1. So who's got an amide H within less than 5 Å of the one on Val80, skipping anything under 5 residues away but keeping other chains? H placed 1.01 Å off N, in plane.
2. Could you tell me how many degrees, from 0 to 90 and to the nearest 10, lie between the Cα long axis of helix 49-67 and the main elongation axis, the longest principal axis, of the Cα atoms of the chain?
3. With every protein chain kept in place and ligands, DNA and RNA left out, what is the accessible area per residue of the chain? Probe 1.4 Å, answer in Å².
4. At 0.36 nm per residue, minus the direct Cα-Cα distance, what do Asn90 and Asp119 gain on full extension? Give it in nm, one decimal, please.
5. Over segment 8-95, what relative contact order in percent results from Cα pairs under 8 Å that are six or more residues apart?
6. Using Cα pairs under 8 angstrom and six or more residues apart, how large is the relative contact order of the chain, in percent?
7. With r as the distance between the Cβ atoms of His111 and Arg17 and R0 = 25 Å, compute the FRET efficiency 1/(1 + (r/R0)^6) and round to 0.05.
8. Sequence neighbours fewer than 8 away in the same chain don't count; with that in mind, list the aspartates and glutamates whose C-alpha is under 15 Å from Lys142.
Amino acid sequence: FESRNIPEDYISHEGLRFSFYKSLSSAVNGDEIDNILYHLINRFGPPPFSVNNLIKECRLRLLAASAGVLSMRTLGCGLVCRVAQNNDENFVAVVLEFFRAFFFGAGVDFHFLSGSGADLLVCLHIANDTDKYSLLSEFLDKFNVLNCDFIGGL
């Protein structure tokens, strides 16, 4: 991912920068993030690219949590997603097919990793010229619907 921070030349006071970081990290919904962004713009002007990326990452974190994706980290060969395992015996097959269909359609290679525990680990190989935030937002929106349908009795 691109740079994601609040630069000193945007908010020079260290305590204020940390206060906004804390607010963003503790936001629990999109409205809270919108409110934080509103206050940033109102007080400091249009945010630089790195602040916009930070806002996008916070939104992804909320989407991921809602969709049952426990973490998304850049490791080794790509972006590794840890997906919470569902106890239903068909869950893994449905998730595998969903990943295959979504990422094949998006032109993204991926593979599953072995790990300790019951969670699924998927490594995504997203090209550098791809808008990662848009791709992952779309994926998480659709995966959330799949997870909700599955929990609701697919």
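1. So Val80 has HN proximity to Arg73, Thr74, Leu75, Leu124.
2. 40
3. On the way: 8920 Å² over 154 residues.
The answer is 58 Å² per residue.
4. Values: separation 29, 0.36 × 29 = 10.44 nm, distance 1.45 nm.
Additional length available on full extension: 9.0 nm.
5. Details: 52 pairs, mean separation 15.7, N = 88.
Result for segment 8-95 is 18 percent.
6. 22
7. On the way: r = 38 Å, r/R0 = 1.53.
It comes to 0.05.
8. Leaving aside aspartates and glutamates fewer than 8 places away in the same chain, those within reach of Lys142 are Glu97.
The values are calculated or read from the model by the stated rules, or taken from the named source; none is laboratory data. Model, not experiment: these values are computed from the prediction. Note that we place each Cβ from the backbone using ideal geometry, even for glycine, and neighbour counts take in every protein chain shown. Keep in mind that these areas ignore ligands, DNA and RNA; they rest on the heavy atoms of the full protein, side chains included. Shrake-Rupley method; radii C 1.70, N 1.55, O 1.52, S 1.80 Å.
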